[in-house]
Amino acid sequence: MLGTHEATTEADRINGRRIIGWSLAWAATVLVATAVLASDTISGPAAWLVAAVCAAIGVGGLGAYRRYVAEADELTRQIQLEGIAFGFGLGVLVTLSWSLFEFAGAPVLNASTAGTVMIFGYIGGVLLATHRYR
Amino acid sequence: MKNRLRVLRAEHDLTQAQLASQLEVSRQTVNAIEVGKYDPSLPLAFKIAEVFSQKIEDIFDPA
């Protein structure tokens with residue numbers, strides 16, 4: 001999905017691996033930070049610092065993704081664009097539509113659900129676009 | 001958009017991977033252009049024309 005298959009250029013593969021590295025680092029820090037903050041072992045400025053470190057690593061991942069798209073082969077860029085569009089559209093559609101279902105008694109979604117829907121929408125969009133251009 | 005890329009590539013005895021390497025794109029991009037699923041950008045179309053020493057309009061047919 002991020003330039004790791006055989007059909008992409010070497011730059012795509014290197015940048016794809018960079019994103020995976022940042023993503024794994026971000027996921028690991030979120031897990032550790034969640035465990036630490038939820039356990040109430042730290043508070044005040046230290047808690048803010050832990051949250052800020054997570055966000056900073058996330059920004060690093062965002063920068064790596066921006067670089068990947070900027071340097072990508074043009075078809076890869078097109079596929080990523082379609083994936084982003086699908087993910088964003090699905091996220092907006094699901095979250096706004098769900099607010100109506102909440103009036104009808106559906107369970108209330110938290111903010112992270114929108115992000116999760118966007119991520120899965122993005123993955124689905126990239127897979128669909130990759131298949132379309134195969 | 002129709003094109004003669006596959007024919008030209010065969011005439012020059014190039015594989016998709018070799019042409020992709022010359023054009024600095026992925027093999028998937030070359031394949032998608034050949035089968036008409038993807039229209040290349042103008043810079044890439046110029047590059048393709050340059051590789052085969054042809055005019056863009058002799059390779060790509062917008063009809």
field: Candidates A:GLY63, A:GLY121, A:GLY83, ranked by Gaussian network fluctuation over chain A, Cα under 10 Å, top entry
entry: A:GLY63
- request: Give me the number: length gained by fully extending A:VAL59 to A:ILE20, i.e. 0.36 nm times residue separation minus the C-alpha to C-alpha distance, one decimal in nm.
  value: 12.7 nm
- request: Count, for each residue of B:21-27, the Cβ atoms from other chains sitting within 10 Å of its Cβ, then give me the mean as a whole number.
  value: 5
message: Quick query: amide H of B:ASN3 versus all other amide H atoms, modeled in the peptide plane; which residues come in under 5 Å with a sequence gap of 5 or more or a different chain?
response: B:ASP61
- line: Buried accessible area between B and A, both sides, 1.4 Å probe, in Å² rounded to 100, is 1100
field: Selection from A:VAL69, A:ALA25, A:ALA56 lying farthest towards where the dipole of chain A points positive, charges on Cβ
entry: A:VAL69
- request: Highest first, please rank the peptides A:88-96, A:122-130 by the mean number of other Cβ atoms sitting within 10 Å of their residues.
  value: A:122-130, A:88-96
- prompt: Taking springs between alpha-carbon atoms closer than 10 angstrom, which of A:ILE20, A:ILE42, A:ILE79 fluctuates most in the Gaussian network model of chain A?
  reply: A:ILE42
Residues of the stretch A:60-75 with amide N under 13 Å of a point placed 7 Å along Cα→Cβ from B:LYS37: A:75
query: Using a ≥ b ≥ c from the Cα gyration tensor of the stretch B:2-58 (square roots of the eigenvalues), is it rounded, prolate or oblate, where a/c under 1.5 gives rounded and otherwise the larger of a/b and b/c decides, a/b for prolate?
result: rounded
- request: With r as the distance between the Cβ atoms of A:HIS131 and B:THR15 and R0 = 30 Å, compute the FRET efficiency 1/(1 + (r/R0)^6) and round to 0.05.
  value: 0.85
query: Out of residues 5 or more away from B:VAL35 or on other chains, whose amide H comes under 5 Å of its own, with H placed 1.01 Å from N in the peptide plane?
result: none
- request: Calculate the mean, over all residues of peptide B:31-37, of how many other protein chain Cβ atoms lie within 10 angstrom of the residue's Cβ.
  value: 3
- line: accessible surface per residue for chain B, probe 1.4 Å, DNA/RNA/ligands not counted, whole Å² -> 57
statement: Among chymotrypsin sites (Phe, Trp or Tyr not before Pro) in the stretch A:16-48, those in a DSSP loop whose Cβ has at most 12 other Cβ atoms within 10 Å are none
statement: Classified through the alpha carbon gyration tensor (a ≥ b ≥ c as square roots of its eigenvalues; rounded if a/c is under 1.5, else prolate when a/b is larger than b/c, else oblate), chain A comes out oblate
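The values are calculated or read from the model by the stated rules, or taken from the named source; none is laboratory data. Quantities reported herein were computed from a predicted structural model and do not represent experimental measurements. Glycine gets a Cβ as well: all are built from the backbone with ideal geometry, and neighbour counts include every protein chain shown. Note: areas computed on protein heavy atoms with side chains; ligands, DNA, RNA excluded. Shrake-Rupley method; radii C 1.70, N 1.55, O 1.52, S 1.80 Å.
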